[in-house]
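Heads up: the structure comes next, in structure tokens.
Throughout, read-outs are computed from the coordinates displayed, never taken from laboratory work. Everything numeric here is computed off the predicted structure, so don't read it as measured data. Quick reminder, even Gly has a Cβ in these numbers, built from the backbone with ideal geometry, and neighbours come from all protein chains shown.
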Amino acid sequence: MYIISWNVNGLRAVARKEKWQQILDLKPDVVCLQETKSKIDQLPPEIAGPNGYNSYFTWPKEKKGYSGVAIYSKTKPDLVRDEFNMSELNGEGRILEAHFGDTVLFNVYFPNGGGGPVRLEYKLNFYDAFLEYIKGLSASGKKIIFCGDVNTAHEEMDLARPKENETNTGFLPEERAWIDEVVTSGFVDIWREKNPNKKDAYTYWDLKTRARDRNVGWRIDYFFISRTLANKVDKVDILADIFGSDHCPISMSINL
């Protein structure tokens, strides 16, 4: 299964820039998009339901033009969910859960944490609720893949200027500690596992400062997988040559 994950920073804008076809030309089995900022009825047919794919969307219940995620899959999932028993996971259109046999794929646009203490608390509560949920699924025998914009760089090598960002959301100790907990809970940051010493590899750059031109970026987009799936991954990439957003896509080939 070849999976592409991308924070598109507005799906309609990506479609206008003709970047959508560039993704489809890679022939992915599954595409996971974050920050779509649109409802399905706002999308042209070739985006809402491209040929050969089953498509699933969620978006905020109240705030328009914000958040939103989508999954496109050649194989129809056994089950797709966008509502959960934990209030932190509902309301902002941030998560889709797709079941393929005993493997569960999550596409998640995690909260940013900027804008003051209330949003940082929401981000941390979302983190905790999500981790508890997937730990429960894992304990029941499910294999987990979660991808998307986690909105936190884990280690110093995951951003260009770690010292300058030690007190900024996205690199706060409490945010990074959650990723530590994800790892100790049995989930693998598979790109880092395959590239343990690689630096200057990022997935997000600030558009206002033209940071991508200088590669002053952050690696905040991930594939995390159950440890039992790690030996089934053939390849994981950062597709930095694809433009159209302040993030670039990431991809993973896995034998399921």
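For the pair the range 199-227 and the range 128-184, the centres of their Cα atoms are 15 angstrom apart.
Within the listed set ASP25, ASP200, ASP180, the Gaussian network model of the chain (springs between alpha-carbon atoms below 10 Å) gives the highest mean-square fluctuation for ASP25.
What ranking do CYS248, CYS147, CYS32 get, fewest neighbouring Cβ atoms within 10 angstrom at the top? Show your work: numbers first, answer last.
Values: CYS248 22, CYS147 25, CYS32 29.
The order, fewest Cβ neighbours first, is CYS248, CYS147, CYS32.
Contour minus end-to-end for ASP25 and LYS142, with contour as 0.36 nm per residue of separation and end-to-end as the Cα-Cα distance?
Working: separation 117, 0.36 × 117 = 42.12 nm, distance 3.12 nm.
Taking 0.36 nm per residue and subtracting the Cα distance, the gain is 39.0 nm.
With each label modelled as a point 7 angstrom along the Cα→C-beta vector, the VAL216-GLU83 pair spans 4.6 nm.
Averaging the sequence gap over all C-alpha pairs within less than 8 Å and six or more residues apart, then dividing by the number of residues, gives the chain a relative contact order of 19 percent. Taken along the Cα-to-beta-carbon direction at a fixed 7 Å, the label points for ASP206 and LYS63 span 2.1 nm. Panel order for ASP78, ASP29, by other beta carbons found within 10 Å of each beta carbon, from fewest to most: ASP78, ASP29.
Pair-distance distribution P(r) for the range 46-183, from all Cα-Cα distances in 5 Å bins starting at 0: 2, 9, 17, 21, 19, 15, 11, 5, 2, 0 percent.
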